[in-house]
Amino acid sequence: MQVTGATELKSRVAEFWDRRPCGSFSSGEPPGTRRFFEQIARYRYRAQPFMRELAGFERFAGQRLLEVGCGLGTDLRQFAAGGARVIGVDLSRRSVALAREHFRIFDSAGHFLQSDCEHLPFADACFDVVYSFGVLHHTPDTRAAIGECYRVLRPGGIFMVMLYHRRSWHVMVEPYLLAAKRALQAQPVPRGFTDAAEVVRRYDGVANPLGRAYALGEVRQMLGQFGDLRLRVCQPRAVNGSWLAKSYSGLLRWSGIGRRWGFWIVAEARRPR
Ligand SMILES: C[S@@+](CC[C@H](N)C(=O)[O-])C[C@H]1O[C@@H](n2cnc3c(N)ncnc32)[C@H](O)[C@@H]1O
């Protein structure tokens, strides 16, 4: 991709997340208020009950932890509460401003910078942990961003990343079920409705300019320079919505589909010593 194209795309990505900072859909409260942040966190950890186990918010006490694409700082506040010394960066200026306000309201210690994950403004090897959840698939050069995470991580440090899973129920099966439902209800099926790239892009909103998904093998390959790689697949669950939506989501969990063909790949790896 040409530099100008990538720069223009990034500014559209930043505008998109400025308009709807991550998780803000789950609160009806005015942005920046205590209730706003509380509701977003409550929704998040109900929909993603596996987060505490996967992220291990308490295991980094005293360590320097960078969150790349911190959004509103929802997870970062959990790491800070667990005793980590935290810094969050995000491309979206509004998300960074709200994350600062979030930490001020809850009296949490942390620093925030508006920054691009493809060019992190930090020296080599200066963090013990780099965490990035649902971010690196929204930047034009995901590999460059992973390279930056590696660079700023100290040898032996831990990298945790969530990337969307292409070989998932959400991408490969669900669009066809939804298209069939529409057809049965005599509703039009929009163009690109079952197109995998479109399904992934739309996941965060119809106006989302950029979202990609990967197969497990691609994630393994992109993280090839790290050691001790562990991959987990998971699927957030429906918390609000109809009885049918909740039952469907329960069925994906109960049947094990979510663990095998869930939409999220969560990887943890170590920079070799
Ligand atoms: C789905 S949200 C995730 C936010 C947060 N990690 C969370 O889970 O709540 C994606 C975030 O990635 C950020 N982002 C997208 N491209 C980025 C880039 N090139 N550099 C830094 N952040 C970026 C967006 O601004 C947005 O806040």
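Values in this text are rule-based calculations from the coordinates and carry no lab data. Quick caveat, the model's predicted, so the values are computed rather than measured. Virtual Cβ from ideal backbone geometry, glycine too; neighbours counted across all protein chains shown.
Below, the figures for the structure above:
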item	result
Among beta bridges that DSSP assigns inside the chain, antiparallel share in %, nearest 5	40
Model label zone, Tyr45; criterion: amide N under 14 Å from point 7 Å along Cα-to-beta-carbon; scope the range 58-98	58-59, 74-83
Choice from Arg232, Arg212, Arg182 showing the highest fluctuation, given a GNM over the chain with Cα pairs closer than 10 Å	Arg182
Relative exposure of Thr7, Thr74, judged by other C-beta atoms within 10 Å (fewest first)	Thr7, Thr74
Candidates Leu229, Leu178, Leu91, ranked by Gaussian network fluctuation over the chain, Cα under 10 Å, top entry	Leu178
Coordinate range along principal axes, alpha carbons of the range 128-273, Å, largest first	59, 32, 25
FRET efficiency for Arg93 and Leu184, using Cβ-Cβ distance with R0 set to 35 Å, rounded to 0.05	0.20
Over the range 44-137, volume per residue of the alpha carbon convex hull, in Å³	98
Distant-in-sequence amide H partners of Phe112 (H built 1.01 Å from N, under 5 Å)	Gly88
Alpha-carbon Rg/Rh ratio, for the chain, with Rh computed the Kirkwood way	0.96
Residues Ser92, Ser27, sorted so that the one with the fewest Cβ neighbours within 10 Å comes first	Ser27, Ser92
Gaussian network model of the chain, Cα within-10 Å springs - most flexible of Trp17, Trp254, Trp169	Trp254
Mean Cα-pair separation over length for the range 1-96, i.e. relative contact order, pairs under 8 Å, 6 or more apart, %	29
Cβ-based charge dipole, the chain, positive-most Cα from Val266, Leu244, Thr142	Leu244
Average Cα contact separation per residue, the range 74-198, under 8 Å, 6 or more apart, as relative contact order %	18
Two-decimal ratio, the range 211-264, of alpha-carbon radius of gyration to 2.2 N^0.38 Å	1.43
Relative contact order of the chain, pairs being alpha-carbon contacts under 8 Å that are 6 or more residues apart, as %	18
The range 104-129 versus the range 247-262: alpha-carbon centroid distance in Å	35
Order of Met160, Met172 under a 10 Å beta carbon neighbour criterion, fewest first	Met172, Met160
